[in-house]
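Note sheet for the following structure.
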Amino acid sequence: MPKIICSCGNILSYSEIPCSIEYKFISDSDYDKFSGSIDAEELYAQMKSFLACTTCHRLWIFWNGYQNAPTEYAQQPHVG
């Protein structure tokens, strides 16, 4: 069962399909390579994945696939 432990201690399990904490995205330039009828599986394969922690809202982005460690992004405190 794939999972990571967030810096806040929350366990992020991403084995369920569909996964409520996993999101997909694609760059605008990569998306522009598609035209006409788009094969959903081919588009899906080009997308990057990230997990969103439901406790602290950190994002864990898999820039280079699931075989590599994700990069952690944390919100900065709002000033003002």
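The values are calculated or read from the model by the stated rules, or taken from the named source; none is laboratory data. Note that the coordinates shown come from a computational prediction; the quantities given were computed from them, not determined experimentally. Here the Cβ positions follow ideal geometry from the backbone for every residue, glycine too, while neighbour counts run over all protein chains shown.
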- [ ] Within the stretch 25-49, work out how many residues are within 19 Å of A69 (Cβ to Cβ) and either of a type in the set (K, R) or free of Cβ contacts under 8 Å to residues at least 24 places away in the same chain (or both).
- [x] 2
- [ ] Considering every residue within the stretch 43-60, establish whether at least one is under 17 Å from C8 (Cβ atoms) and either among the charged types (D, E, K, R) or in contact with a Gly (Cβ under 7 Å, 6 or more places away or on another chain) (or both).
- [x] yes
TODO: May I ask you to list the residues in the stretch 9-24 that are in a loop (DSSP other than H, G, I, E, B), at pLDDT 95 or above and more than 12 Å from the chain's Cα centre (by Cα)?
DONE: G9, N10
Task: When residues of the stretch 4-31 are limited to those that are hydroxyl-bearing (S, T, Y) and within 13 Å of M47 (Cβ to Cβ), the one surrounded by the fewest Cβ atoms within 10 Å (Cβ to Cβ) - done: S27
